[in-house]
Every structure is written in C-alpha cells, then in structure tokens.
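The values are calculated or read from the model by the stated rules, or taken from the named source; none is laboratory data. Just so it is clear, the model here is predicted, and its values are computed rather than measured. Cβ: placed from backbone, ideal geometry, glycine included. Neighbour counts: every protein chain shown. SASA here: full protein model, heavy atoms, side chains in, ligands and nucleic acids out. Shrake-Rupley method; radii C 1.70, N 1.55, O 1.52, S 1.80 Å.
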Amino acid sequence: MKIREATENDFDRIWPIFEEIARAGETYAYPTDISKDEAKGLWIDYPRKTFVFEDEDGIMGTYYIKTNQSGPGQHVCNCGYMVSSKARAKGIATKMCEHSQIQALELGYKAMQFNFVASTNEGAVRLWNKLGFETVGRLPNAFSHPSKGFVDALVMYKWLST
C-alpha cells in the first residue's frame, strides 16, 4: 500500500470512485450528473496536488490539496478525500488525511479547512474530530441530502503549524 502523487493518466482509474460518490449526492456538493471532464478539472487540474492510495488491487482512494483562499488566506489549505466503496472501513481515509497534513506543511500551509462537510456524513465528522479538526461553523440547512432533505454543513478547521 502506498500513497503517491497522481498523474493525469490516473484519472481513468479515479473516475469510478469519483462518479460513484458524486452520483450518490450524499457527501459532496458536486452535481450528481457531473461529467468525467468536469470531474477531472475539479479533482486533477485545479488543485495544487492530487494523490492516490494504491494497493495490489489498484487505486482505492484519492485526495486533493489546494489553497483555500488567496492573499491573506493563502496559508490555509483545503482537501477533499474519496475512498472506493469496496475499500471503506480499512483506514484509508485516516492514512490519506494524515498524509495530507504532512504534505500541507511541506507545501507551506499552516492550517487545513474543510469548507462544507455534510453533517450527515457521520463517519467523516468522527474521523476529522479524531484527527484534531474542530467544527468552527455550522451552515443550517446548507446541504441538500437526497434522502434526508436539507441538513447542516459544517466548517471544520485544524491549525497544523506548531
């Protein structure tokens, strides 16, 4: 198992993971009918770096890291993580988040912020809390969940630099 920087050629293997999560509409505020090209732009082209988690079965997870805001906010990064449904509950998200925090510091960031965590994504909220992230904001009814209706979105934050 290893985490490595993704290449543009990896996106064909990332796409099934991305598509499954986006189509479900339960955790990311992406259109459920997002095209492969649009997804590549969001996940590969736009971020500062994108990584994949690989094992003997192929790419099981992926994450990106990007600057959250420019100018006076450029010391804060934002990340997004996706794990294949066939690889969940194996610690992959934990490993990727830990890896991303090291990468963030190496890239010169001092903090990490998750801008829009669906409050119903209980596994992610629990994991981010376990890894030291605090909920610093709650956006009432900001996320339209496909089966639960309007639910809160959380803003989660961690200062990385000591």
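Quick notes
- All told, Arg138 meets the bar of being modelled with pLDDT of 95 or more and open to solvent by 20 Å² or more (accessible area, probe 1.4 Å).
- Whichever residue in segment 101-135 is in a strand (DSSP E or B) and out of contact with any His (no Cβ under 8 Å at 6 or more places or on another chain) and, among such residues, is surrounded by the fewest Cβ atoms within 10 Å (Cβ to Cβ): Glu134
- Checked against (1) more than 20 Å from Ile92 (Cα to Cα); (2) at pLDDT 95 or above, Tyr63 meets all criteria but (1).
- Only one of the numbered conditions (1) polar (S, T, N, Q); (2) closer than 26 Å to Gly108 by Cα; (3) outside any loop (DSSP other than H, G, I, E, B) is violated by Asn9, and that is (2).
- Test: residue in segment 152-161 that is modelled with pLDDT under 95 and surrounded by fewer than 20 Cβ atoms within 10 Å (Cβ to Cβ): yes
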